[in-house]
Ligand code: AP5
Ligand code: MG
């Protein structure tokens, strides 16, 4: 039973690879972006607040995001026995610190971090393509650029944070979805 963080820029394939990982390893999956989009679609009170940040490519405030994550974990009793893949969280150093606390009181820990590394021009192409095909509201060039800027300024420092903790493994996340998945399986099985 492992708790894995899947880490990477917008469009790096966190969601795509998480689907394959949970199927093979029977883990639970929390995508904080999916949780927020569900609230936005249902127009809940939280959804209205979240939309004002997501639509501009900004991060939801840490306190609120941590509260949402704790609630999501506590609502899924299977996480304790099966383990978890966290996709899109943490995204700031304070979130990583809070995650350690939140896990510790639940008898959990971060086992390792899989970092999906993709050149920026490919990230933009992938997200623009999805914007044209299925239309996620934040997949337009202006918001994509903002998301990438926020990623560089607020989220990328976590790469060093987890390297220092000895938990980070970089995956070259270009090529086909299956090729990338094979690289991830090698890391998980090692
Ligand atoms: P979130 O939903 O996490 O979005 P994101 O980080 O911008 O990433 P994406 O979901 O767009 O990309 P992904 O890495 O999952 O890639 P995917 O597999 O989809 O967050 C959205 C927003 O919510 C944030 O901007 C923020 O406002 C808020 N939020 C979320 N978490 C938060 C937190 N912790 N704190 C504060 N705010 C938070 O792939 C992308 C596309 O590429 C797809 O179309 C896919 O089919 C395609 N693709 C995947 N792999 C390949 C491949 N190998 N080759 C070609 N195409 C590929
Ligand atoms: Mg995603």
What residue among 175, 166, 131 has the largest mean-square fluctuation in a Gaussian network model of the chain, using Cα springs under 10 Å?
175
When 105, 113, 187 are ordered from fewest to most other Cβ atoms inside 10 Å of their Cβ, what list results?
105, 187, 113
Choice from 117, 67, 133 showing the highest fluctuation, given a GNM over the chain with Cα pairs closer than 10 Å:
133
Going fewest to most other Cβ atoms within 10 Å around each Cβ, 155, 169 line up as 169, 155
Among 46, 69, 158, residue whose mean-square fluctuation peaks in a GNM of the chain (springs only between Cα atoms under 10 Å):
46
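What number, in percent, do you get for the relative contact order of the chain if the mean sequence gap of Cα pairs under 8 Å and at least 6 apart is divided by its residue count?
33
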For each of 167, 129, count neighbouring Cβ atoms within 10 Å of the residue's Cβ, then give the residues from fewest to most.
129, 167
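Laboratory data are not the source of any read-out in this text; all were calculated from the coordinates shown. Note that the structure is a prediction, hence the values are computed from the model and not measured. Cβ: placed from backbone, ideal geometry, glycine included. Neighbour counts: every protein chain shown.
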